[in-house]
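Worksheet: one structure, shown below.
The values are calculated or read from the model by the stated rules, or taken from the named source; none is laboratory data. Source: prediction; values computed, not measured. Reconstructed Cβ throughout: ideal geometry from the backbone, glycine too, with neighbour counts over all protein chains shown. Heads up: the accessible areas ignore ligands, DNA and RNA and are worked out on the full protein's heavy atoms, side chains in. Shrake-Rupley method; radii C 1.70, N 1.55, O 1.52, S 1.80 Å.
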Amino acid sequence: MKILVANLGSTSFKYRLYDMEEERLIAKGGVERIGSSESKAFVESSGTRQDLTIQAKDHAVAVRLCLQQLTERGCLVNAAELGAIGFKAVHAKGVSGVQRVDDGVLAAMEAYNSVAPAHNPPYVAAMRLLARELPEIPLVAAFETGFHQTIPAVDRYYAVPREWANNYGVMRHGFHGASHRYIATRTAELLGRNDLRIISCHLGGSSSLCAIHSGKSIACSLGMSPQSGLPHNNRVGDFDVFALPAVMEGTGKNLDQILDELANKSGLLGLSGFNDLRDIEQAAAKNDVNALLALDVFIGSVRHYLGAYLVAMAGAEVLVFTGGIGENSVRMREGVCANLSWFGIELDPMKNVAAKGESTIHSAASRVQIWTMPTNEEIVVARQSRDLLAGAK
Ligand code: ADP
């Protein structure tokens, strides 16, 4: 079975095409600037790349064009050979796990548009269009919350009136499920054990920690929404909601405007003025106080959850760093792991500097193994889509 895994933005569509018999990546590509008269399409397969300027008025035109390119290059016999298009969907009210996309699923996602404002609206719009325009291709939504359905009540409930949880789903759902699931599976494979206590640190444009015991998520730093937990590149992270009235009174802005600032102008950007950690690290090297503060706050927040999860699992065998920051930032890993030898966590500074791809970076004395590991969210979505369709037959 061939599965196309799609990553949607409001004006972009990127994909990876897998042959799921051998879990082989056949091609990747996408279209950017959808809606403009000069949309840019590219496809890469068998080591060659083709770039095209086309006119894709919407996501359905873009997807059709990609399917045509894949067929012309021999990656697909025809569009009907495609088993499904799988989506890494974020959030839906009362719906999680892996689902065939239908009106009910789309309505449930729409109900949480304001909870996941950067993610849900473009997905709902594009999925609805694709369902209408390409009815012959099954669409599958693999929700980011799915991996976290095993989080026990102790870490799931906020201390709010019970009916908020029951009626509106106000609880810690957790996100980055595809990435943390991949890390759980891959770490178990690499170490040859299924009973591991793993703390997975997905640090990137958005960031989260997940406590994983025997392959199951038992806690995640992301809560009701993808704006919570650690500071993100431009999203706030954990925040005291009773600051809201003070900010509204002080600025004269309304709730929507403040929420927009919390979702788009806060996080590392709000603290430092920079969106990208590379820029923050460069500014910090020149002693920019705001950049230094942003790094300290981020590292402090990772250590806060690291401590919580070491306690929750009474220790850990493995600490994994993944995501653009987790895999690449030597300074961040060093900051997170500093002075933790009492907890059995000791970095090897030379290995930390040399780490590339899947690498161990702990010292010989460290009781906890420390790894850098590229994540692969797309293969997780492809596996989940395959399994859902296999079950449906
Ligand atoms: P997303 O969460 O959007 O998928 P990524 O996981 O690709 O993003 O992570 C993006 C982040 O990784 C950016 O903040 C970027 O600065 C950071 N990053 C990428 N490469 C490096 C590097 N060499 N050093 C430090 N940070 C890096």
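Anything over 25 Å Cα to Cα? Flag those among LYS88/LYS216; LYS28/LYS351; LYS57/LYS88; LYS28/LYS57; LYS28/LYS88, in the order listed.
LYS28/LYS351
Report the FRET efficiency, 1/(1 + (r/R0)^6), for VAL353 and ALA125, where r is their Cβ-Cβ distance and R0 is 45 Å, rounded to 0.05.
Taking R0 as 45 Å, the efficiency between VAL353 and ALA125 is 0.55.
Using all alpha carbons of the chain, what is the percent of pairwise distances in each 10 Å bin, ordered from the shortest bin to the longest?
5, 21, 30, 27, 14, 2, 0
Gain in length, ILE258 to ALA153, computed as 0.36 nm per residue apart minus the alpha-carbon separation, to one decimal in nm?
34.7 nm
Of the DSSP beta bridges with both residues in the chain, give the percent that are antiparallel, rounding to the nearest 5.
Approximately 70 percent, going by the DSSP bridge assignments.
Measuring from label point to label point, each 7 Å out along Cα→Cβ, what is the GLU44 to ASN290 span in nm?
So the two model labels end up 3.4 nm from each other.
Towards the positive end of the charge dipole of segment 253-320, with charges on Cβ (+1 Lys, Arg; -1 Asp, Glu), say which of ASN254, LEU293, ILE280 has the farthest Cα.
Toward the positive end, the furthest listed residue is LEU293.
Just the number please: accessible area per residue for segment 51-129, 1.4 Å probe, all protein chains included, in Å².
Value for segment 51-129: 42 Å² per residue.
Which whole-angstrom value gives the distance between the alpha carbon centres of segment 3-40 and segment 242-309?
Using only Cα atoms to place each centre, the spacing works out to 32 Å.
Summing Lys, Arg as +1 and Asp, Glu as -1, what charge do residues with Cβ under 10 Å from the Cβ of SER45 carry, SER45 excluded?
Details: positive: LYS28, ARG49, ARG73; negative: GLU44.
Once all neighbours under 10 Å are counted, the net charge is +2.
For the chain, give the percent of accessible area contributed by carbon and sulfur heavy atoms, probe 1.4 Å, rounded to a whole number.
On the way: 9150 of 17830 Å².
Summing carbon and sulfur atoms, their accessible area is 51 percent of the total for the chain.
Calculated FRET efficiency, VAL247 and THR11, Cβ-Cβ r, R0 35 Å, to nearest 0.05? It would help to have the intermediate numbers written out before the result.
Values: r = 31 Å, r/R0 = 0.89.
The value I calculate is 0.65.
Working out 0.36 nm times the residue gap between GLU72 and ALA308, then minus their Cα-Cα distance, what length gain in nm do you get to one decimal?
The span from GLU72 to ALA308 would gain 79.7 nm if fully extended.
Convex hull over the Cα atoms of segment 253-393, averaged projected area in nm²?
Average of the hull's projected areas for segment 253-393 equals 12.6 nm².
Taking a cut-off of 16 Å between Cα atoms, list the lysines near LYS265, but don't count ones fewer than 8 places away on the same chain.
Answer for LYS265, where 16 Å is the Cα cut-off: LYS253, listed by chain and number.
Can you tell me which of GLN369, GLN257, GLN68 moves the most in a GNM of the chain? Springs connect C-alpha atoms under 10 Å apart.
GLN257
Between ASN339 and VAL160, how many nm apart are label points set 7 Å from Cα along the C-beta direction?
Roughly 3.6 nm, to one decimal.
Along the Cα→Cβ direction, 7 angstrom out, place labels at LEU52 and ASP387. What is the inter-label distance in nm?
With each label point 7 Å from Cα toward Cβ, the separation is 3.5 nm.
Sort 296-303, 47-54, 319-326, 78-85 by the packing proxy (mean of other Cβ within 10 Å over each peptide's residues), most packed first.
Going from most to least packed, we get 319-326, 296-303, 78-85, 47-54.
Would you be so kind as to identify all helices of the chain, as entire DSSP H runs, whose Cα atoms reach 24 Å or more along the helix's own axis and whose mean Kyte-Doolittle hydropathy is at least -1.0?
Answer set is 289-312.
How many angstrom separate the Cα center of segment 82-133 from the Cα center of segment 44-71?
After rounding, the separation between the Cα centres reads 23 Å.
Over segment 137-266, give the accessible area per residue in Å² for a 1.4 Å probe, as an integer.
Numbers: 5580 Å² over 130 residues.
I get 43 Å² per residue for segment 137-266.
Just need the relative contact order of the chain here, percent rounded to a whole number, with Cα pairs under 8 Å and 6+ apart.
Relative contact order, the chain: 13 percent.
For a quick check, take a GNM of the chain with Cα springs below 10 Å and name the residue from ALA291, ALA364, ALA219 with the largest mean-square fluctuation.
ALA364
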